[in-house]
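Comments concern the structure below.
Values in this text are rule-based calculations from the coordinates and carry no lab data. The structure displayed is predicted, hence computed values, not measured ones. Glycine also receives a Cβ, built like all others from the backbone with ideal geometry; neighbour counts cover every protein chain displayed.
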Amino acid sequence: MHSVEVFDPAMCCPTGVCGPSVDPEVLRIAGLLEALAGAGFGVTRHSLSSEPQAFVQNAEVAAILKEKGVGALPITYVDGNLLSSGAYPSNDELGDALGVTFVEQPATSGCCCGSDGDAADAPADGGCCCGSGCC
């Protein structure tokens, strides 16, 4: 199974729901990573504010930060390979790297299978709904 590792900038929480304003991009990636973890993907997140040692222990992350500073965060790896730096990857970028397709969850339904839970309406790839999307 694939793995995703994210090195986040300093923030109070990884969900994006804390503090006086909600960052929709942090909220999007938090939901996406939660969906991936729920589907069995290995997902690891490191916050600069709570796990600075992880940034030092990863030689490539340390080198990127030394060269570009904290503006290079967030940094995302898939299967140990650098996917993005300076912004979270888009759903398409992350999906392509993992070989999955993310499908937006219908706003009126609590499940991708449709409001009545009919499995016939489920995504063709057998994906499941979690967080802000499906995988």
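Listing for the model above:
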item: Residues S84, S3, sorted so that the one with the fewest Cβ neighbours within 10 Å comes first; result: S3, S84
item: Contour minus Cα-Cα distance for E67 and E104 (0.36 nm per residue); result: 9.7 nm
item: Stretchable slack from H2 to E60, in nm (0.36 nm times residue separation minus alpha-carbon distance); result: 18.9 nm
item: Environment charge at L32 (Cβ cut-off 13 Å; Lys +1, Arg +1, Asp -1, Glu -1); result: -3
item: Whole-Hz couplings from phi, Karplus 6.51/-1.76/1.60, listed for the range 80-96; x for Gly and Pro; result: x, 9, 4, 9, 7, 8, x, 6, 6, x, 5, 4, 5, 4, 5, x, 4
item: Dipole-positive endmost among V61, A97, T76 within the range 58-106 (Cβ charges, Cα centre); result: V61
